[in-house]
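Read through the structure below, which is laid out as structure tokens, and then see the notes.
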Amino acid sequence: MELFQNLAQGFAVALTLTNLLLAVSGCFLGTVIGSLPGLGPSNGVAILIPLAFTLGLDATEALVLMTSVYYGAMYGGRISSILLNIPGDEPALMTTLDGYPMARKGRPGDALVLSGVASFFGALLATIGLMLLAPILAGIAYLFGPPEYFALYLLAFCTLGGLASKNQAKSALAAAIGLGIAMIGLDNSTGLPRFTYGEIHLFDGIDFLVAIVGLFAVSEIFIFIESHGKKSAIGVTLRKVTIPIKDIIHCLPTMLRSTLVGFVAGVLPGAGASLGSFLAYMAEKSIARDKSKFGHGNPRGVAAPEAGNNAAAGGALVPMLTLGVPGSGTTAVLLALLLTLNITPGPLLFQDRPEVVWGLIAALLIANFVLLIMNVPLVRLFVSILSVPPNILLPGIMMVSFAGIYSLSGSGFDLILMILFGLLGYLCRKVGVPTVPIILGILLGNKMEDALRDAMVISNGEISYLFSSGISIGLWVAAIVGFVLPIFLRPFLKTPPRPAD
């Protein structure tokens, strides 16, 4: 009964005219961003976060807008995957294996509609799972003390990227860079400046959003400028859009199985939608009677990764809201938004700010139906956006980024810092160092340091206190396994090549 009361409270928040408009706008903008090759949900949310501050949105409104962008970008990633054979983002990589061949066989509209329905199925059930599981996990979080939280943060660093990362050493280096940046500013305990070098603007530390917009949005612009004209693909012309009822009915069991796999992958800290998409596709292929059809335009090969990655997107919100630990790169960006709005994720969030949590869940339920309605009749519009010239798109992205950051702080120093972070992100991407662990280090560095200090104060400096409970020991073991296991499993879990046509 309490669940329905909370959900009713959430719908009372989400069904206001302002939040409905924000949800619809976020779904549209997210789908547009997701359909553009290379941007993806992490970059999309990072690019549009400054817009929330420019519009003067409150905490609930900003979160509704950004999570709608998040879900919309997960939907939109399939468009360029199916029509251009270019993944809109990393989780959409698996969709190219059967989506593009299906389009080449003269069924691009069917593939787009089927993938849209699978995305709806996965995201809707994941949102329901978030609604049921998050309060339970929030209750368990009351058992956490400084040793458990320190081990939990360590687990997030060790597993973020997981199998999606190509090199664990580079992921560790990126996390170390992020932790180093987090130390800039006044020490929480002594009040003394650290690594500020006399620059007064650094006394408050590095602003989360400045770093995120720089590392994601500005660096993406540099990459786009560098690669403009160098990459091309043979696209598929979209002529007729129909609803393949037979394929949808045939793929319903596939969607259900893939949703379960994707949601579990999303709940695991650091796993994210990429792993959910991969596992869903491989699981469906493993139980198929005729595996040879996969890679040649099998509808189940389209439905499985789309349901899996959208379910993982919903699942990744669970650890972020209940424990304050992002389950994916995009939820790391959303976590920064919450912290900037003076909202601290964790078990107390469900008690102190229930309107934020349940308003968000209700908005996600609404956004799923909006995206389903939007992605079938308007699919031609989203496809046409793929032809937007970079000389129009890039200045628009840069303008939104600069205007949003300046409206937030009114500091020209932050704009310079944002460009420097953009250069750092560009260099990291050129040498294969992931940027998400850097963001995670900036977000969680101070919390991790505070947890370690509290543990040492309580135990009078006894290191063994960090291993004093079953929960902390389990988290330490999971962190070690999560860091080491991908090194051995990655060679066996590479994306399977598509069979020759």
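The values are calculated or read from the model by the stated rules, or taken from the named source; none is laboratory data. Everything numeric here is computed off the predicted structure, so don't read it as measured data. So basically every Cβ, Gly included, is an ideal-geometry build from the backbone, and we count neighbours across all protein chains shown. Heads up: the accessible areas ignore ligands, DNA and RNA and are worked out on the full protein's heavy atoms, side chains in. Shrake-Rupley method; radii C 1.70, N 1.55, O 1.52, S 1.80 Å.
So for V264, V376, what's the accessible-area order with a 1.4 Å probe, most first?
Sorted by accessible area, descending: V264, V376.
With a Förster radius of 45 Å, plug the Cβ-Cβ distance of I136 and A403 into 1/(1 + (r/R0)^6) and report the FRET value to the nearest 0.05.
Given R0 = 45 Å and the Cβ-Cβ separation, E is 0.65.
Can you tell me the FRET efficiency between L420 and L339 if r is taken as the Cβ-Cβ distance and R0 is 22 Å, rounded to the nearest 0.05?
Efficiency, rounded to the nearest 0.05: 0.55.
At what distance in angstrom do the alpha carbon centres of the range 1-77 and the range 318-374 lie from each other?
Taking the Cα centre of each part, the range 1-77 and the range 318-374 sit 10 Å apart.
How much length, in nm to one decimal, is gained on full extension between D352 and L143, taken as 0.36 nm per residue of separation minus their Cα-Cα distance?
The D352-L143 span can extend by a further 73.4 nm.
Take L114, L17 and sort them by solvent-accessible surface of the protein heavy atoms, 1.4 Å probe, largest at the top.
Descending order: L17, L114.
What is the sum of charges around G297, taking Lys and Arg as +1, Asp and Glu as -1, for the other residues whose C-beta is under 9 Å from the C-beta of G297?
Taking every Cβ under 9 Å from that of G297, the sum is +3.
Within straight cross-link reach of K105, meaning Cα distance under 18 Å, which aspartates and glutamates are found once same-chain residues fewer than 8 apart are removed?
Result set, ordered by chain and number: D247, D501.
Run the simple label-point estimate for L485 and L20 please: 7 Å along Cα→C-beta, distance reported in nm.
Between L485 and L20, the simple spin-label model gives 4.5 nm.
One-quarter of the Cα convex hull surface for the range 1-74, in nm²?
5.1
Assuming R0 = 22 Å, can you tell me the calculated FRET efficiency for the pair L192 and F413, based on Cβ-Cβ distance, to the nearest 0.05?
With a Förster radius of 22 Å, E is 0.55.
For the ranges 70-79, 147-156, what's the packing order if you count other beta-carbon atoms within 10 Å of each residue, average per peptide, and put the highest first?
70-79, 147-156
Give the ranking of L15, L202 by solvent-accessible surface, highest area first, calculated with a 1.4 Å probe.
Per-residue accessible area, sorted high to low, gives L15, L202.
Leaving ligands, DNA and RNA out of it, work out the accessible area of V24 with a 1.4 Å probe and give it in Å² to the nearest 10.
Its accessible surface works out to 60 Å², give or take rounding.
Might you work out the accessible area of R104 for me, using a 1.4 Å probe with all protein chains in place, and round it to the nearest 10 Å²?
Its accessible surface works out to 140 Å², give or take rounding.
Excluding ligands and nucleic acids, what accessible area in Å² is computed for I136 using a 1.4 Å probe, to the nearest 10?
Counting only protein heavy atoms, I136 exposes about 100 Å² to solvent.
Starting from the 7 Å offset along Cα-to-Cβ, what nm value, one decimal, do you get for the label separation of R453 and K430?
Going by the 7 Å Cα→Cβ label model, 3.7 nm.
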